[in-house]
Amino acid sequence: MRYNEVMKIDEAIEKFLEYLNKELNYAKMTIIDYESDLKIYKDYLEVNKINYLNINKENIMNFLKYLDKLKYTNKTISRHLSTLRSFYNYLVEIKLLENNIFKRIRNPKVAKKLPNYLNILEIEEIMDKLEENSKENIRDKCLFELFYATGIRVSEASDIKLKDIDMNTFSIRIFGKGSKERIVYFGDCAQDLINKYLNVRNEFLKNQENDYLFLNKMGNKLQRGSIEYIINKIEKKLTNKHKITPHTLRHTFATHLLDNGADLRSVQELLGHESLNTTEIYTHVSNERLRAAYNKYHPDKNRK
């Protein structure tokens, strides 16, 4: 595409959002976030009488200071920069600009938040309290155990098919982000619960066929929102110590593996992380626990 006439920023934003929707098939909420970020940017430029096609580094740094004065976190400021980087990439693509100046602007550092996780006693307490007195409860307990046993994501749990499970090798074939395939493993507890669930799974089907492992009461694939609701229901019913989500159980899975001697590369593969840097946050969790153990038990701490 080439636009010979200079385009006003409102029109450029409108065409960019249309491009995200129709060409890139972005989710509706993602496009709403882009639109919100770009409105703030447009308003700032208009107040300061800056042409969006003649932006320079000083203009950008002043805009970032403006966001900081609004008490935006570094994470939010980074999102704004990512939005503007994408917007200006589009402007280069449609030949309104030759270069994207935002590619030379670094995102502010975002402090890594240590992930929330459960200890082994809390996992055992929850598993002991989860009932198996209905097909729904058996399904929910199996789901909870599988999150902890394998570290899978919500979308991955939703997409498991019966053919993906190998009960002989205690493994499940998972299709993760970007349809990247990996194998995860489970233990005796998960195997027992999978078998119990498979024994009642046909009761969900209502005389129809469905290849997915986890089903709802209509016999359809259990969707992401329903899975999150189930885990949230377990949290509210059984504990007030932690906020428990499927991601909490993923964190717990990784932390327990590292605490018991697993190497970081293996944990990376099991989690399906593209980069080892993403997995390294779990070493901070384990290091904190090691430090606490040292401070509590090592005699040097109390020496005079």
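Can you find a residue that is under 16 Å from the mean Cα position of the chain (by Cα), assigned by TED's automatic domain parsing to the domain that holds L130, at pLDDT below 90 and surrounded by fewer than 12 Cβ atoms within 10 Å (Cβ to Cβ) anywhere in the stretch 198-221?
No, there is no match, as no residue in the stretch 198-221 is under 16 Å from the mean Cα position of the chain (by Cα), assigned by TED's automatic domain parsing to the domain that holds L130, at pLDDT below 90 and surrounded by fewer than 12 Cβ atoms within 10 Å (Cβ to Cβ).
So, in the stretch 9-19, how many residues would count as being closer than 21 Å to I105 by Cβ and free of Cβ contacts under 8 Å to residues at least 60 places away in the same chain?
1
Condition first: surrounded by fewer than 17 Cβ atoms within 10 Å (Cβ to Cβ), part of a loop (DSSP other than H, G, I, E, B) and in contact (Cβ under 8 Å) with a residue 24 or more places away in the chain. Can you find one or more residues in the stretch 244-256 that meet it?
No.
Taking the stretch 90-105 only, how many residues are loosely packed, with under 13 Cβ neighbours inside 10 Å and not in a loop (DSSP other than H, G, I, E, B)?
Residues flagged as loosely packed, with under 13 Cβ neighbours inside 10 Å and not in a loop (DSSP other than H, G, I, E, B) within the stretch 90-105 amount to 2.
Given (1) modelled with pLDDT under 70; (2) of a type in the set (D, E, K, R); (3) in the same structural domain as R182 (by TED's automatic domain parsing), where does K301 come up short, assuming only one miss?
It is condition (3) that K301 fails.
Answer yes or no as to whether K163 is touching a residue at least 40 places away in the same chain (Cβ under 8 Å), assigned by TED's automatic domain parsing to the domain that holds Q268 and either among the charged types (D, E, K, R) or out of contact with any Leu (no Cβ under 6 Å at 6 or more places or on another chain) (or both).
Answer is yes for this residue.
Which pairs have Cβ atoms under 6 Å, sit 6 or more apart or on different chains, and link a residue in the stretch 115-143 that is without any contact (Cβ under 8 Å) to a residue 60 or more places away in the chain to one that is part of a loop (DSSP other than H, G, I, E, B)?
Pairs that qualify, where the first residue is without any contact (Cβ under 8 Å) to a residue 60 or more places away in the chain and the partner is part of a loop (DSSP other than H, G, I, E, B), are N137/E131; K141/L130.
The values are calculated or read from the model by the stated rules, or taken from the named source; none is laboratory data. What you see is a predicted model; the values in this text were computed from it and never measured. Cβ sites come from the backbone with ideal geometry, for glycine too, and all protein chains shown count toward neighbours.
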